[in-house]
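The values are calculated or read from the model by the stated rules, or taken from the named source; none is laboratory data. Because the structure is a prediction, the values reported are computed rather than measured. Heads up, the Cβs are rebuilt from the backbone with ideal geometry, glycines too, and the neighbour counts pull from every protein chain shown.
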Amino acid sequence: MHPRIFAILFVVIILCIALVCFKRETTDIVRIRRGRQYLRRILRKHGGNFPEKWDSTDGSHPNVRSSLWNVLFAVQAFGNELTNNDRRAMLRILNQLTDGRGFGLYRFCIVPCPVDSDDTAFAYRTRALLGLSTPPDLVKIFSPFQDSHSWTTFIRKDLHTTRPNLFTRYGPHPEVHANIAIAMALAGISTSPFRTEEDEFGLPRNYHYPSRFYLTHLFRQLNAVSPGSCKNYDNEIYNLQMKDGGWPAHPNNGYPRIVETCLAVLSLETLRLDEVARAASFIRSRQSKNGAWERGCRIWNYYDDTEGITLREAMNSLSSHKRWWAVDTHAVFSTCLGIQALQCLQENS
């Protein structure tokens, strides 16, 4: 082949590759923008709130409630495109969910419910993202939950529990510990490590959240602000990736494939080119025309009557226990994760 022809072909190939990459990047920017527009429509439609449905096995009537959980994920999803209107809406929800007694504690939702350590951590992480100052007495704020180098989810005296077990809904849970550790690390406060059980795939076992990757995504965020705090689970995560680029859904009415895939991507310390390209394709394919990702995900579970049994036994016998759960009825959680996962893949491609 003539050298000049070879040079021209080489340039054409390079330009084609660049065009494909540019088109893909542009497409992802559009998808992220559509996802953010969807979140803003939900805020407007529901009076500045992100509602989700609570339900239970004890016959309680389902309730639609606005939660603090979604505020953190929304602020993360809006990123540097957070508008003044977005910020005001987030601050209003935060202010509504304080305990009202000046203790610096937060509750899950607006309707009467006890304060808890998990949502208090969500609140202070959100405040940090919004550029608000962190109280100097953050350790004292969490002290009512302190328990054996970790934190209980609820203040025991508020719930009149008598024999809390390490793995009951009143005891320390690994996801709660990691969440609080992130809030502490953002304030420059170090915390003790919390040992977790690992499942049959070598991944840390979740308790509140029906997911294989919710806890690993917290570990990734904790390592980002406090390097070396948590084990790297990249190999275990990649081992579970499926041929279509996604990850499997969690069993027992757990997180669907799209949510698990986004959390898996957000858990990875190192992105492998081929694997994440397939993951990005899977995530793109699951976005709806209105900008949202899948609705109906069961976000979290609380279990009762599990005292005296191990975490593994509790997870293997869910049907025998009374439980409460929240459902992502408006696809806020899944859309926030879809936006974050695409943003992560775009920034590191």
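Summary of values
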read-out: Total residues in the stretch 257-281, condition within 17 Å of Asn235 (Cβ to Cβ), touching a Leu at 6+ places or on another chain (Cβ under 8 Å) and β-branched (Val, Ile, Thr); value: 2
read-out: Residue list for the stretch 202-237, filter: touching a His at 6+ places or on another chain (Cβ under 8 Å) and touching a residue at least 60 places away in the same chain (Cβ under 8 Å); value: Tyr207, His208, Pro210
read-out: Subset of the stretch 220-264 [touching a Cys at 6+ places or on another chain (Cβ under 6 Å), of a type in the set (A, V, I, L, M) and more than 21 Å from Gly296 (Cβ to Cβ)]; value: Leu222
read-out: Those residues of the stretch 211-241 which are within 18 Å of Gly338 (Cα to Cα) and either surrounded by fewer than 16 Cβ atoms within 10 Å (Cβ to Cβ) or not β-branched (Val, Ile, Thr) (or both), in sequence order; value: Ser211, Arg212, Phe213, Tyr214, Leu215, His217, Leu218, Arg220, Gln221, Gln241
read-out: Hits in the stretch 90-138 - residues which are assigned to a loop (DSSP other than H, G, I, E, B) and touching an Asp or Glu at 6+ places or on another chain (Cβ under 9 Å); value: Leu97, Gly104, Leu105, Phe108, Pro114
read-out: Residue check for Thr57: hydroxyl-bearing (Ser, Thr, Tyr), modelled with pLDDT of 95 or more and surrounded by fewer than 19 Cβ atoms within 10 Å (Cβ to Cβ); value: no
read-out: Restricting the stretch 103-147 to residues that are out of contact with any Leu (no Cβ under 8 Å at 6 or more places or on another chain) and at pLDDT below 80, the residue that is surrounded by the most Cβ atoms within 10 Å (Cβ to Cβ); value: Cys113
read-out: Arg34 of a type in the set (D, E, K, R), closer than 30 Å to Arg278 by Cβ and modelled with pLDDT of 80 or more; value: yes
read-out: In the stretch 119-154, residue nearest to the chain's Cα centre (by Cα) [restricted to those that are among the charged types (D, E, K, R) and under 16 Å from Ala185 (Cβ atoms)]; value: Arg125
read-out: Residue match in the stretch 157-178 (condition: at pLDDT 90 or above, outside any helix (DSSP H, G or I) and buried (at least 17 other Cβ atoms within 10 Å of the Cβ)); value: no
read-out: Test: residue in the stretch 22-31 that is at pLDDT below 90, on the phi < 0 side of the Ramachandran plot and touching a Ser or Thr at 6+ places or on another chain (Cβ under 9 Å); value: yes
read-out: Test: residue in the stretch 184-194 that is at pLDDT below 80 and within 27 Å of Ala326 (Cα to Cα); value: yes
read-out: Residue in the stretch 42-51 that is touching a Cys at 6+ places or on another chain (Cβ under 8 Å) and either surrounded by 19 or more Cβ atoms within 10 Å (Cβ to Cβ) or modelled with pLDDT of 95 or more (or both) present; value: no
read-out: The lone exception for Phe219 - which of (1) modelled with pLDDT of 95 or more; (2) farther than 30 Å from Lys140 by Cβ it fails; value: (2)
